[in-house]
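Chemist: Have a look at this one before I ask anything.
The values are calculated or read from the model by the stated rules, or taken from the named source; none is laboratory data. What you see is a predicted model, and the numbers here were worked out from it, not measured in a lab. Glycine gets a Cβ as well: all are built from the backbone with ideal geometry, and neighbour counts include every protein chain shown.
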Amino acid sequence: MNEVRDDFLDSLDLDDSEIIPFIPEILKNLWGLGSMPEYVIHLVEKHIPSNKLKRIIDLGCGKGSVLIQLSEKIKFEGIGIDLMSEFIDEAKRYASRHSYSENLKFEVGDIKKMVEHYCDFDLVIYAHDSDIFGNVTQSLCELEKYMLDQSWIVFEGLYNINQLNNPENLPNKEEFHLQLEKSGFEVINQIVWDKDELRKTNQTNTKLIRDRITHLIQSHPDKEKLFNTYLENQIEECQELEENIECLTLLLKRKRNTTMAKNT
């Protein structure tokens with residue numbers, strides 16, 4: 001249980017487990033939860049024939065925004081998995097409103113263990129914004145277990161671009177691509193996140209979070225410090241992403257006759 005809790009804290013950049021029960025309310029008005037669905041859709045539509053995509057899994061799917069929006073373009077059977085039950089409930093409601101509930105299934109679960117139940121997917125989607133699976137090489141090694149022999153991964157990754165400021169201890173660009181090379185996957189294409197768009201998204205999301213926190217403080221005045229600390233951390237995280245970190249969405253495919261590296 002502690003391991004699951006720590007993974008959840010890590011995945012949402014949370015410092016204090018006391019905030020966890022309030023996260024669904026704080027993020028109530030956010031759907032995308034840090035992803036860029038339009039980049040995923042663009043890469044998939046451009047490079048993967050739709051008849052090759054029968055089954056897709058999104059690991060750490062949040063509220064299902066990527067799968068649901070991809071379903072508007074391509075017909076497939078999709079599964080989204082996330083640790084937070086409230087996010088999964090929201091994903092189901094969104095899917096129902098978009099009439100995709102028959103093709104999409106959302107489930108609460110630990111993505112490190114769900115491979116025991118799910119495998120043989122044509123496309124695996126994963127946002128590597130934490131160390132749940134380890135570094136890039138280790139993460140792709142784990143993601144490969146969900147895949148068919150000839151299938152794809154959409155991998156949202158990031159690396160540090162400021163040598164003087166790296167509080168998250170992220171790899172630099174060279175290290176990031178070296179880890180990719182060691183993974184046994186090749187980059188079919190990639191999209192570097194537009195900083196202006198990222199900034200606009202962060203500003204919108206921060207406002208929505210601030211509004212929810214203002215509401216929560218009224219009903220839980222004893223938690224004011226906890227909520228304000230969370231908000232401050234989110235603002236700092238956004239600033240880091242905008243100034244010191246490069247985010248990118250990659251479409252990956254296993255290299256021919258290459259064995260996945262099992263260690264860094």
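Chemist: Those residues that are touching a Lys or Arg at 6+ places or on another chain (Cβ under 7 Å) and at pLDDT 85 or above, I need them from region 106-119; list them, please.
Modeler: Result: F106, C119.
Chemist: A further question follows. Are any of the residues in region 213-222 surrounded by 18 or more Cβ atoms within 10 Å (Cβ to Cβ), assigned to a helix (DSSP H, G or I) and without any contact (Cβ under 8 Å) to a residue 60 or more places away in the chain?
Modeler: No, because not a single residue in region 213-222 is surrounded by 18 or more Cβ atoms within 10 Å (Cβ to Cβ), assigned to a helix (DSSP H, G or I) and without any contact (Cβ under 8 Å) to a residue 60 or more places away in the chain.
Chemist: What are the pairs with Cβ atoms under 8 angstrom where one residue, in region 13-29, is modelled with pLDDT under 90 and the other, located anywhere, is acidic (D, E) and exposed (fewer than 14 other Cβ atoms within 10 Å of the Cβ)? Sequence gap at least six, or different chains.
Modeler: Pairs that qualify, where the first residue is modelled with pLDDT under 90 and the partner is acidic (D, E) and exposed (fewer than 14 other Cβ atoms within 10 Å of the Cβ): there are none.
Chemist: Which of the residues that make up region 114-128 are surrounded by fewer than 19 Cβ atoms within 10 Å (Cβ to Cβ) and β-branched (V, I, T)?
Modeler: Matches in region 114-128: V115 only.
Chemist: Suppose we filter L216, L208 for residues that are farther than 30 Å from E45 by Cα, over 21 Å from the mean Cα position of the chain (by Cα), aliphatic (A, V, I, L, M) and at pLDDT 95 or above; which single one remains?
Modeler: Of L216, L208, the one residue that is farther than 30 Å from E45 by Cα, over 21 Å from the mean Cα position of the chain (by Cα), aliphatic (A, V, I, L, M) and at pLDDT 95 or above is L216.
Chemist: Next question. So which residues in region 129-154 are of a type in the set (A, V, I, L, M) and surrounded by fewer than 18 Cβ atoms within 10 Å (Cβ to Cβ)?
Modeler: Passing the criteria: only L148.
Chemist: Here is a follow-up. Quick test of your reading of the structure: D196 fulfils all but one of (1) surrounded by fewer than 14 Cβ atoms within 10 Å (Cβ to Cβ); (2) not in a helix (DSSP H, G or I). Name the failing condition by number.
Modeler: Checking D196 against (1) surrounded by fewer than 14 Cβ atoms within 10 Å (Cβ to Cβ); (2) not in a helix (DSSP H, G or I), the one that fails is (2).
Chemist: Next up: Return only the number of the condition from (1) more than 21 Å from I132 (Cα to Cα); (2) surrounded by fewer than 23 Cβ atoms within 10 Å (Cβ to Cβ) that M84 does not satisfy.
Modeler: Answer for M84: the failing condition is (1).
Chemist: What about K255, is it touching a residue at least 24 places away in the same chain (Cβ under 8 Å) and either on the phi > 0 side of the Ramachandran plot or surrounded by fewer than 14 Cβ atoms within 10 Å (Cβ to Cβ) (or both)?
Modeler: yes
Chemist: Let me ask something else about it. So how many residues does region 102-142 have that are within 15 Å of I81 (Cβ to Cβ) and either more than 13 Å from the chain's Cα centre (by Cα) or β-branched (V, I, T) (or both)?
Modeler: Residues flagged as within 15 Å of I81 (Cβ to Cβ) and either more than 13 Å from the chain's Cα centre (by Cα) or β-branched (V, I, T) (or both) within region 102-142 amount to 22.
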